[in-house]
Amino acid sequence: MPPAPADVLGSKPLDGGWGWMVVIGAHISIGFAYSTPKALSIFFKDIQEDLQAGYSEIAWISSIMLAAMYAGGPVSSMLVNRFGSRPIVIMGGLMCGVSMVTASFGSSIAYLYFCIGVIGGCGLAFNLNASLTIISKYFLARRPLANGLAMAGSPVFLCFLAPLNQYLLGTYGWRGSLLILGGLMLNCCVAGALMRPVCKTLACAPQQNVDRPNKCKTKIKGSCVKNTKKFVDLSFFRDRGFVIYLIGNVMFIFGAYAPIVFLSTYAVSQGVEKYSAAYLLSIMGFVDMFVRPGTGLVANSKWIRPRIQYFFSFAMVFNGTCHLLCPLMRSYTLLVVYAVFFGVGFGMVFALIFECLMDLMGNQRFPSAVGLVTIVECFPMLLGPPAAGLLVDIFGDYKYLFLMCGSVITTGGLFLFVMNIYNYHMLEKEKRAKDRERNQTNIENQEQMSISAAEMEQPEAEETEMSAAQQDPESAETK
């Protein structure tokens, strides 16, 4: 989700000071939010054997968790506007911790769906959106740096959580591992405690009006109503560029997470040792950590910036091609190569995915557009991994999973490339038509003004002639 406006009361952010502690807290909460659904896949094989579940059934755990995290975004934003970031992040941390602890006692797959998927996913949504919002209130000039450091929590935590989960699994089993992981996720409450409210430190200058707190509450309530309306703004579906972006984005999300969920189990099925299989996710996260800022620098260059939509299409095609080639990677060395290129493709896409939407919609319409996009994304995110797991259940082979994901993502990238060419052509055509219409209108206005001026000059000429005629007899009598 994008950062919110600077401050409800219009105070200027400090761009430093305690804000850097807020960035540390956001780094922790965002790191858990993005890495937990991926790192949980380490436990899936043992959970599957213990609960006698199929591949498609086990994949629903991460799918529901991701879908709840994205679907809870608008609700989280409204709660943050009403209560502030600190209590929301603390509540999210409690929900995440409770979800993992209660899931460790589960005896059915449906129980895990509810505990990890619904409760844990909602907790991650509270952590994610509240953290991004509080950064925008502490930083203005250094906001890109602060956001970059906070978002780096995703690959950093994935690098450490994947091998840690594999160690915990080998030592305590999946139930004990979830119990310990729940305790670790309670650190989000500590991260939330660092998020000191801005209005208590920056906006409490001496007030001449004692009714200022009431005005603040009124503004907050008004912003809640406004947020409720803007996240269900369906007028965006009349925008051709938005619809094209949304279709391509939905195709990418459908195939993006299944390879992450099944990567370690696929490696184990190829004879790779479990710890080495878990390190594949760490390698992917490590590469992703450096690719995202690097992609941002490249995208900001004068050569790529005007063509960023095509760069996004290339990133999607690159990502999909990696998955199409994955079934050929049967040794651990080749799987490491796949993990590296997967991290490159994944990092490029997610470094550009919201920037491309901002390029299409502009700064003013972006918050509303991204709210609608995240809601729509819930459906492919919910269905993608289970559909891929169903292919494994049917055919008993992981290669069909990677082929499906790769083909869907590659098709989405090619769709964006072709349709963006069409969209830009139509925009240029519409611009020329508007220019011609504007020029024609200007010509007609000038003609109308000329006619009006001529009509105004005619009475003046008649008055001049009459005054001259009146002066002639007087001059004759004088003579």
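The values are calculated or read from the model by the stated rules, or taken from the named source; none is laboratory data. As the structure is a computational prediction, the values presented were derived from the model and not from experiment. Cβ: placed from backbone, ideal geometry, glycine included. Neighbour counts: every protein chain shown. Side chains included, ligands, DNA and RNA excluded: accessible areas come from the protein's heavy atoms. Shrake-Rupley method; radii C 1.70, N 1.55, O 1.52, S 1.80 Å.
Quick look at the numbers
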quantity	calculated
Area accessible to solvent at Cys122, 1.4 Å probe radius, in Å²	40
Relative contact order, percent, the range 235-440 [alpha-carbon distance under 8 Å, six or more residues apart]	38
Taking the convex hull of Cα positions in the range 14-122, its mean projected area over all directions (nm²)	7.4
Total charge dipole magnitude, the range 24-109, about the Cα centre, Cβ charges on Lys, Arg, Asp, Glu only, Debye to nearest 20	440
Cubic angstrom per residue, convex hull over Cα atoms of the range 235-440	125
Rounded if a/c under 1.5, otherwise prolate or oblate - the range 303-408, Cα gyration tensor axes	oblate
Kirkwood-based Rg to Rh ratio, the range 14-197, C-alpha trace	1.00
Contact order normalised by residue count of the range 14-197, Cα under 8 Å, 6+ apart, percent	44
Spin-label model distance (nm) - Thr333 vs Ser450, 7 Å beyond Cα toward Cβ	8.2
Largest to smallest accessible area among His27, His425 [probe 1.4 Å]	His425, His27
Extension gain (nm, one decimal) between Trp20 and Met426, 0.36 nm per residue minus Cα-Cα	141.6 nm
